[in-house]
Amino acid sequence: MKYIVLFCALLLSAAPSLKGQSVFNGVDNDGYIGVYDINDQHFWWLCIEPEGTPAAGPGDGFIANAVSFLEGWDQQNTERRDDYIANGAAQAALAKQVSVMQYVLDSYLPISTLTTPGALLQGSENSAHYGNNEAFYNSMSVVQHFLSETYGKTTKVDFTDMTGYADRWELDLTAAGIARSDLYQSILADVASKDGANFFDTYTAINSYYIANTLYSLNNTDPLASDYNWQDALIIVAPVPEPSGALLIACCGLAVMVRRWRRLI
């Protein structure tokens with residue numbers, strides 16, 4: 001099964017192929033963030049489901065359809081969809097959870113302002129660089145972690161208490177680990193504070209968000225569909241720039257992230 005969340009800013013209409021059925025091919029990833037080739041363009045993705053499916057690497061690919069964030073968050077495999085259908089509390093919590101995640105994406109992953117145009121060109125598709133202590137990679141990783149932590153909290157509506165959100169970098173004393181832990185804790189505090197003021201009850205997303213979905217079972221083994229459960233992909237809609245297209249990030253304001261992965265515990 002395959003999932004993608006597309007957050008599209010100004011140029012959604014300029015990327016119509018992402019709104020319909022598209023082919024996603026693996027480029028590189030570290031299991032949490034990565035790059036996909038979508039209809040011959042490269043896009044960033046974030047893992048949004050922490051329960052472990054293989055990441056698509058070079059030579060791997062799948063076909064998916066884009067649906068809205070609200071429509072897709074509860075449909076990252078058939079079991080998750082069926083659980084939500086049977087769980088009234090989860091259905092009631094869905095809209096607020098999506099609002100919280102949209103706020104975090106809007107506020108902490110502004111792709112066009114994290115770096116100057118061209119700053120991502122050096123090693124941008126090489127996962128060996130993803131652990132660097134740089135604002136772009138730090139924000140990508142921290143926002144991904146927030147989304148994946150939200151995945152399992154299907155009935156959570158009280159975000160004034162964020163104690164259930166684990167910090168992946170709590171014991172990481174590297175420069176990148178400290179920076180990411182600090183940013184993550186800032187996000188948790190920000191969300192808790194805003195929820196205390198009922199901020200998310202009326203929050204309107206700045207950008208548009210989509211999940212591209214081919215709904216397979218969690219235990220799918222149909223070789224005609226997929227050997228694995230391809231799920232969990234959040235896509236950023238500004239393509240990874242070519243050397244001649246460094247201004248794409250400044251102009252697009254659109255990011256894409258897609259993925260399928262196996263999380264190592």
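Structure data summary
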quantity: Alpha carbon convex hull of the range 30-93, projected area averaged over orientations, nm²; calculated: 5.3
quantity: Rough spin-label spacing in nm, given labels placed 7 Å along Cα→Cβ, for E125 and K153; calculated: 3.6
quantity: Summed side-chain charge close to A189 - residues other than A189 whose Cβ falls under 14 Å, Lys, Arg +1, Asp, Glu -1; calculated: -4
quantity: Relative packing of peptides 29-38, 76-85 - highest average C-beta neighbours within 10 Å first; calculated: 29-38, 76-85
quantity: L215 accessible area, 1.4 Å probe, all protein chains in place, Å² to nearest 10; calculated: 60
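The values are calculated or read from the model by the stated rules, or taken from the named source; none is laboratory data. Note that the coordinates shown come from a computational prediction; the quantities given were computed from them, not determined experimentally. Positions of Cβ are backbone-derived with ideal geometry, glycine not excepted, and every protein chain shown enters the neighbour counts. Ligands, DNA and RNA are stripped out before the accessible areas are found, and what is left, the full protein with its side chains, is counted by its heavy atoms. Shrake-Rupley method; radii C 1.70, N 1.55, O 1.52, S 1.80 Å.
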